[in-house]
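The block underneath contains the structure these notes are about, expressed in structure tokens.
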Amino acid sequence: MPRAAAEREIDELRRLLLQGERERIAALEERKLEVSSRDVSDVLPEAVLMRAADDEQLSRALAPTIEAGIETSARKNPQVLADAIFPVLGPAIRKAIQAALAAAVEGVNTALENSLSIQSLKWRWEARRSGRPFSEIVLVKNLVYRVEHVFLFHRETGLPLAQAVAPAVATQDADLVATMFTAISNWVRDSIHLVEDEEDSELQQITISGARVMIVRGPHAVLAGVVRGNPPTSVRLVMQRAIEAVHLERGEDLVRFDGDDTPFRATLPHLESCLQEQRRQRKRSPVFLAVMPVAIVVLALLGVWWGVQAHRRSQAWDAALEALRAAPGYQVFGVREEDSERVVSGLRDSFAAAPEDVLLPTGVDPDTVRFDFDTYESREFLERRVRERLAAPEGVGVDVEDGVVTVTGAAPTAWIDHADRIALGTAGVGRFDRSELVDSDFARMQGRVEALDGRVILFAAGSAAPTVGDRAELEGRLRDIDEAASSARRIVSVTIRGGARSDESPDGEGLGAERAAAVQRFVYDLRLESVVLQWLSGGGESTGRFETRLDVRILSSVMEAPAR
Amino acid sequence: MIRKKICLLGAFSVGKTSLVQRLVHSIFSERYQTTVGVRIEKKTLMLDGNDVSLVIWDLQGEDEFQKLRESYLRGSSGALLVADGTRPHTVDIAILLRDRLRDVCGNVPAELLINKADLTDEWAVDPRAVAALDGADSEPIVTSAKTGAGVEGAFESLARRILGGGA
Ligand SMILES: Nc1nc2c(ncn2[C@@H]2O[C@H](COP(=O)(O)OP(=O)(O)OP(=O)(O)O)[C@@H](O)[C@H]2O)c(=O)[nH]1
Ligand SMILES: [Mg+2]
């Protein structure tokens, strides 16, 4: 209709309407009608209900106000709206992803079908080399593109009107996917505050788990196609044509849509016209056909194996990360892409299984992944770590429980010192209990010290020179003590007292001191490593008795810093 | 209570045992009884309100410093290097013994004592010359086990340096 003509008509309409209005106002004034807010509030809920039951006028009247309200709310604080919409959106997205995974399995089935050709062997090789999932290679090589689903939505409400599914594609939950598309579409548009009629900037295409969703809009309906592969622009044109046809045939039904989708079943042929696909043409060579009977058996076996591999690989990546996270001694922080390589970063215990070995069962080719792990000491390997570091000798039992390390049995001092340091220096060891561990060197030393303690050396009358036999015995015993004390990292002190009979010399004390000095000199000249010759404090080297006495005591308690 | 092992090192008959007996038992004897091995004594000092227990290892005098054995020095927190003021040669020995001590115990504090200060007529050692020769971290301390002069101060000074961080 020409613009000028339209305006004329509206002017005419306005005149007619205002004329009636004026008369009605005059009539009202005569009746002196008085209406208070109170009265209106009393009748309002009932009035709304009544009117809503009659027709949709009220909804229409309220719609702009409510829409404006929502819009204002979104501008003022988008979070409020986001919070409200999220519970709806979250499950929908999750379910859609599951559906996409199911589609991926279908891709694997295709792969299995294809695994019986020489061509597919090449693709397997290519997949191995490039590190891409086999199914992806098959898709790219075999299938240029395929429109798998077509959904028709009501634009205003986002409700689905009809759907068409390509053969061999499992039917997905149309309600869910459609609601999700509408929600995502609206959401993206609203969140970036785009002007409504800027069609180009509206969401034209989204990608979900490798599947592309192409969207074509009409004034009252939206057509969405789920496409795998690389569709040519002609697909969009076909969809455009389909949505136009739907509007042409079902325009009235679209405007008056009240949730009943029966009228739209008739649109199915248009939707199905969008289910296009293009496969790459392959020719089978005569050689291939000749070896077919044999090859089919071999390839069937390989195919099954590879099919399983491919199936794994297609889902593998998430599983691989999950496996790494679950593997003992791993802390995975994240994954990033670097030059078409996946780089997994985090922490790894040196005792943990090699990352390649963790990935192996998940089907991800470790050659396509780079690991960027720093080492750490995990609690999971505490026991192994402690055992390995302690390297307990035979005769020592090691128990690790709840961060408490307990050792039992008998061990040399050197190992006990080593164990003390390990226990102190290993993260996760809360307590080191070696109260039940016998220090074998110390025990040996103690035995030898006790055997010498109290030893009496006899002298010829009037002489201060110990006999050759006594010297030899004393030296042997002291060297044994020295050896044990050195191993036990202790110092043993030897104290010698001298004595003489009163009839031996008029100055008995002098001879006793001489005898003590002779033995002391002898012991000192042995130059023992861990035996010190000690004088008793406050003198008393001479006992006034007929003998020289050896007092042997362990001195380590006296020393501030034991010789360790 | 803080407990520290210290050693007395020095040539024969410089008065190591006499110094310890003076400090611990407040006695002095003119009689010389040489020490074989080690004589161990204990003395508790009050330093700035804290008790410090010294475990004093009075070692056998050595003129051949190489003979001084590791087992006696091990675990020492410091040492008194004792020389005899009437015999200049004993200062050289004290300085050589200090090097031996540091081989075994690391850079622990050591005080150089020049003993027998009461025999001034016979003195042949100039403490200032000793200080220069020593290249020491502290001035030599002049003591007399006979009169007791400087004895307690020498032990306290060493204890202070040990507690002060061991330099
Ligand atoms: N006049 C004087 N004589 C001293 C002093 N200190 C020690 N003597 C004497 O010097 C002699 C040796 O004293 P010791 O204390 O036994 O010497 P030492 O360094 O322990 O000797 P060894 O144990 O043999 O190394 C003794 O006769 C002491 O009486 C002193 O300050 N003044
Ligand atoms: Mg002595």
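The values are calculated or read from the model by the stated rules, or taken from the named source; none is laboratory data. Predicted model, so just to flag it, every value in this text is computed and none were measured. No Cβ is skipped: glycine too gets one built from the backbone with ideal geometry, and neighbour counts run over all protein chains shown. Each accessible area value is taken on the protein alone, full model and side chains, heavy atoms only, with ligands, DNA and RNA left out. Shrake-Rupley method; radii C 1.70, N 1.55, O 1.52, S 1.80 Å.
Summary table below
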quantity	calculated
Which listed pairs, of B:Lys16/B:Lys43; B:Lys16/B:Lys146; B:Lys4/B:Lys146, have C-alpha distances above 23 Å, in listed order	B:Lys4/B:Lys146
For residues of A:521-531, the mean tally of beta carbons on other chains within 10 Å	3
Karplus 3J(HN,Hα) series, Hz, for the range A:246-252 with 6.51 cos²θ - 1.76 cosθ + 1.60 (x for Gly, Pro)	4, 5, 5, 7, 10, x, 4
Phi to ³J(HN,Hα) by Karplus 6.51 cos²θ - 1.76 cosθ + 1.60 over the range A:426-443, Hz, x for Gly, Pro	9, 4, x, 8, x, 8, 10, 9, 10, 5, 9, 9, 8, 7, 5, 5, 5, 4
Karplus 3J(HN,Hα) series, Hz, for the range A:267-272 with 6.51 cos²θ - 1.76 cosθ + 1.60 (x for Gly, Pro)	7, 3, x, 5, 5, 5
Heavy atoms of A:Leu302: accessible area, 1.4 Å probe, square angstrom to 10	60 Å²
Dipole of chain B, positive end: most advanced residue of B:Val14, B:Ser77, B:Met1 [Cβ charges, Cα centre]	B:Met1
Solvent exposure ordering (accessible area, 1.4 Å, most first) of A:Ser435, B:Ser71	A:Ser435, B:Ser71
B:Lys16, B:Lys146, ranked by accessible area, largest first (probe 1.4 Å)	B:Lys146, B:Lys16
Per-residue mean of C-beta atoms belonging to partner chains within 10 Å, peptide B:5-11	1
Heavy-atom accessible area ranking, 1.4 Å probe, most first, across A:Val147, A:Val468	A:Val468, A:Val147
Shielding score for B:33-43, defined as the mean number of other chain Cβ atoms within 10 Å	6
Total charge dipole magnitude, chain B, about the Cα centre, Cβ charges on Lys, Arg, Asp, Glu only, Debye to nearest 20	640 debye
Beta bridges by DSSP in the range A:380-435, antiparallel share as percent, to the nearest 5	65 percent
